[in-house]
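Structure first, commentary second.
The values are calculated or read from the model by the stated rules, or taken from the named source; none is laboratory data. This one's a predicted model, so the numbers in the text were calculated from it and none came from an experiment. All Cβ positions, even for glycine, are placed from backbone atoms using ideal geometry, and neighbour counts span all protein chains on display.
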Amino acid sequence: MSRIAARFDELKASGRKAFIPFISAGDPDAETSLAIMEKLPGAGADIIELGMPFSDPMADGPAVQASSLRALESGANMIRTLELVKKFRKNDNKTPIVLMGYFSPIHAYGAARFTKDAAVAGADGLIVVDLPPEEDEVLRVPAKVQGLDIIRLATPTSDAERLKTILKDASGFIYYVSITGVTGTKDFDSTQVEAAVARIRAATSLPVAVGFGVKTPAHAAEMARIADAVVVGSAIVSHIADKMSAPRAELAGSVVELCRSLATSTHNASSGAAQSDKVKA
Amino acid sequence: MSSHPNSLRTGPDARGHFGAYGGQFVAETLMPLVLSLEAAYEAAKKDPSFQAELDGLLKHYVGRESPLYFAERLTEHFGGAKIYLKREDLNHTGAHKINNCLGQILLARRMGKCRIIAETGAGQHGVATATVCARFGLPCIIYMGEVDIERQKPNVFRMKLLGAEVRPVSSGSRTLKDAMNEAIRDWVANVEDTFYIIGSAAGMHPYPMMVRDFQTVIGNETRSQMQAREGRLPDMVVACVGGGSNAIGMFHPFLDDPSVEIHGVEAAGDGVNTPRHAATLTKGTPGVLHGSRSYLLQDGDGQIIEAHSISAGLDYPGVGPEHSWLKDSGRVKYFSVTDKEALDAFVMLSKLEGIIPALESAHAVAHVARIAPQMKKDQLIAACLSGRGDKDIFSAAALLGEKL
């Protein structure tokens, strides 16, 4: 069983929802990025979404773009991103890692070579934002060979027909984009998200994660009641931006504490939801 | 379209690919919209009233057809081939960009979209978009890099005067590619009501095809005008290439005529062997940006490298997918011209013909200056003068050491 499937099974058994923090590999530098990553599972991260930095992240808002550029300025590239995964795996063989990014760096690396090296490094899934089902075969086929999940995005613009196309070759989990917009910009409408998650659940047995508009512990709790997993990205990388003048150890510690509060809130809300289900039952 | 058995004019395929190039590399939020745009465009193409309305606007609003002008003094100066200039600079708004903007705004209206966004580099596409929005009474938001805003002030004022909101883009290199990133971000956030008018023959399918189709009026007219003037086709067709919209419009109607040699001219900036240029086809490698696979200026890690050109309209690290395919097939040859050569051509055309070309178009003229002397006197060159240079007088004056 893949690490992603094992983790969702485990969470389901304990009635909890997953907290998925996003950071960019190499933001603000390789060493600090590893230090943050290594402390995330202890702070409550169930899965880690690791950004593969790209110069022109068109589906991301200013916070994630700035994070990507900080990483690139510190010398990040695909080889170093995969090295980071490998180093993390030395001490943690359970926490799933999902690599998120754009196709250009993967294309330059070579799609088949990338899936092989990513799997060897210890990655578990791939989210490639600008590779819709119409274009993802080039990555999906070698990813399958390497046992990597292709995590597809569903959005508020996905109607029933489109959802079929998205779900057809999806694996790992479904990432529901809670807003029509780039990461970290608008606020989600929880009624709308709840209805969308229900539609996705009716069409697939894959777990559903929600992200893009989740900024605060309260947001995370709200989404944890609705979905199987909550992704927070912009709020975390904005915190890195705010702490850039602090010593690196302090920056890392502070980011980890923010993640702990988001994780706690996700986990408490989900166990609360499980509780109330029991009461209803 | 041509019925030629091995026609080069049949692309793209149903999935928007020109050989290995093109495609729809966009975020999932946009996919349903991009697919509906494709369907709406296919329907519009089949509707004679759509083309009739566009033709009427091109004639009465833009002033088409634009002249194919015999540049007598330029021809004498070089002493070689006869040089004809396709005068897109005489169009309303001063460049070829309006041809495409009118087509796209008619499509936006058909689709019921009530808010228009666009990116602009030199400001020519922004002005053309703001113009058609004023003409049809639709709100217009133009994304423009801060660097370009500084070097294209007259066009920024024009856009504002036409009622558009110009939003400065401060991310990345603060030029055309970043303006395009921001326009795509706006589109993702406003999919319901917004139509994105892309000005270049680049981006995700169906844009490269659609922009080309709306710009082929340039090549179609050139073809029949040259037939009327000289009784035959030109021996050589030349146009400048940034994203490549005027070039693909000029080239496409000649692709199946083997007697016509076709040259695209990229911006070499300080020189193609320096880090500061925008010669994507000459020095780039295939990659994925802004929705399509195409030649790009990128490093070994797939990170986009900032382009440089004296001309804001050519200052783009990508190029249309059809040009990438035409390069690989060898049908079109791509060359490059430095900032200095372009500036020299800018001055030369002004002095010899009384025509101040856009710095973009001056690249095509500079290439003509190289090849015309090597050609025979009975040979014919048709070069696309894609825009006029009024917008460039401030930056040109600064480069020429004149204080205004």
request  = State all residues of the range A:1-40 that are farther than 17 Å from A:Ile174 by Cα and in contact with a Lys or Arg (Cβ under 8 Å, 6 or more places away or on another chain); if no residue qualifies, say none.
outcome  = A:Ser24, A:Ala25, A:Gly26, A:Asp27, A:Pro28, A:Asp29, A:Ala30, A:Glu31, A:Thr32, A:Leu34, A:Ala35
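Can you name every residue in the range A:151-161 that is part of a loop (DSSP other than H, G, I, E, B) and either more than 9 Å from chain B (Cβ to nearest Cβ) or of a type in the set (Asp, Glu) (or both)?
Correct list: A:Ile151, A:Asp159.
Can you find, within the range B:107-126, the residue that is modelled with the lowest pLDDT among those that are over 17 Å from B:Trp187 (Cβ atoms) and in a loop (DSSP other than H, G, I, E, B)? Spell out how you get there, then give the answer.
Step one: filter the range B:107-126 for residues over 17 Å from B:Trp187 (Cβ atoms), giving B:109-110, B:121-124.
Subset that is in a loop (DSSP other than H, G, I, E, B): B:121-123.
Details: B:Gly121: 85, B:Ala122: 80, B:Gly123: 89.
For the range B:107-126, the residue satisfying everything is B:Ala122.
I'd like the residue in the range B:258-278 that is charged (D, E, K, R) and touching a His at 6+ places or on another chain (Cβ under 9 Å) and, out of all such residues, is farthest from B:Val368 (Cα to Cα). Explain how you work it out, then say what you get.
Let us first name the residues in the range B:258-278 that are charged (D, E, K, R), namely B:261, B:266, B:270, B:276.
Those still in the list that are touching a His at 6+ places or on another chain (Cβ under 9 Å) too: B:266, B:270, B:276.
Working: B:Glu266: 13, B:Asp270: 19, B:Arg276: 23 Å.
By that ranking, first place goes to B:Arg276.
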ask   = Can you tell me which residue in the range B:9-43 is nearest to the chain's Cα centre (by Cα), limited to those that are more than 14 Å from every other protein chain (Cβ to nearest Cβ) and surrounded by fewer than 19 Cβ atoms within 10 Å (Cβ to Cβ)?
value = B:Arg9
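Counting residues that are surrounded by 21 or more Cβ atoms within 10 Å (Cβ to Cβ), in contact with a strand residue (DSSP E or B) (Cβ under 7 Å, 6 or more places away or on another chain) and at the interface with chain B (Cβ under 10 Å from one of its Cβ atoms), which strands (runs of 3 or more DSSP E) fully inside the range A:47-150 reach at least 1? Step through it out loud before you land on a result.
Values: elements: A:48-51, A:97-101, A:125-128.
So the answer is A:97-101, A:125-128.
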task = Among the residues of the range B:279-325, write down those that are at the interface with another protein chain (Cβ under 8 Å from one of its Cβ atoms), in contact with a His (Cβ under 7 Å, 6 or more places away or on another chain) and part of a strand (DSSP E or B).
result = B:Gly287, B:Val288
task = Please tell me if A:Lys164 is surrounded by fewer than 21 Cβ atoms within 10 Å (Cβ to Cβ), of a type in the set (Lys, Arg), within 13 Å of chain B (Cβ to nearest Cβ) and in contact with a Gly (Cβ under 9 Å, 6 or more places away or on another chain).
result = no
inquiry  = One residue is enough: does the range B:47-64 have a residue meeting the conditions surrounded by fewer than 17 Cβ atoms within 10 Å (Cβ to Cβ) and either of a type in the set (A, V, I, L, M, F, W, C) or in a strand (DSSP E or B) (or both)?
reply    = yes
query = Restricting attention to the range B:260-298, and to residues there that are without any contact (Cβ under 8 Å) to a residue 60 or more places away in the chain and among the aliphatic types (A, V, I, L, M), which single residue is surrounded by the fewest Cβ atoms within 10 Å (Cβ to Cβ)?
reply = B:Val260
query = For the range A:71-84, how many residues meet the condition of being within 18 Å of the chain's Cα centre (by Cα) and touching a residue at least 40 places away in the same chain (Cβ under 8 Å)?
reply = 4
inquiry  = Can you tell me which residue is nearest to the other protein chains (Cβ to nearest Cβ) among those in the range B:171-221 that are closer than 23 Å to B:His96 by Cβ and among the polar types (S, T, N, Q)?
reply    = B:Thr175
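Going through B:Tyr84, B:Tyr69 one at a time, which residue ends up being buried (at least 23 other Cβ atoms within 10 Å of the Cβ), of a type in the set (Phe, Trp, Tyr) and in a strand (DSSP E or B)? Can you show your working first?
On the way: B:Tyr69 fails: buried (at least 23 other Cβ atoms within 10 Å of the Cβ).
Being buried (at least 23 other Cβ atoms within 10 Å of the Cβ), of a type in the set (Phe, Trp, Tyr) and in a strand (DSSP E or B) holds for just one of B:Tyr84, B:Tyr69, which is B:Tyr84.
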request  = Filter the range A:12-46 for residues that are of a type in the set (Ser, Thr, Tyr), assigned to a helix (DSSP H, G or I) and surrounded by fewer than 24 Cβ atoms within 10 Å (Cβ to Cβ) and give the result.
outcome  = A:Thr32
request  = Check whether at least one residue in the range B:233-246 is in contact (Cβ under 8 Å) with a residue 12 or more places away in the chain, within 21 Å of B:His96 (Cβ to Cβ) and surrounded by fewer than 24 Cβ atoms within 10 Å (Cβ to Cβ), and report yes or no.
outcome  = yes
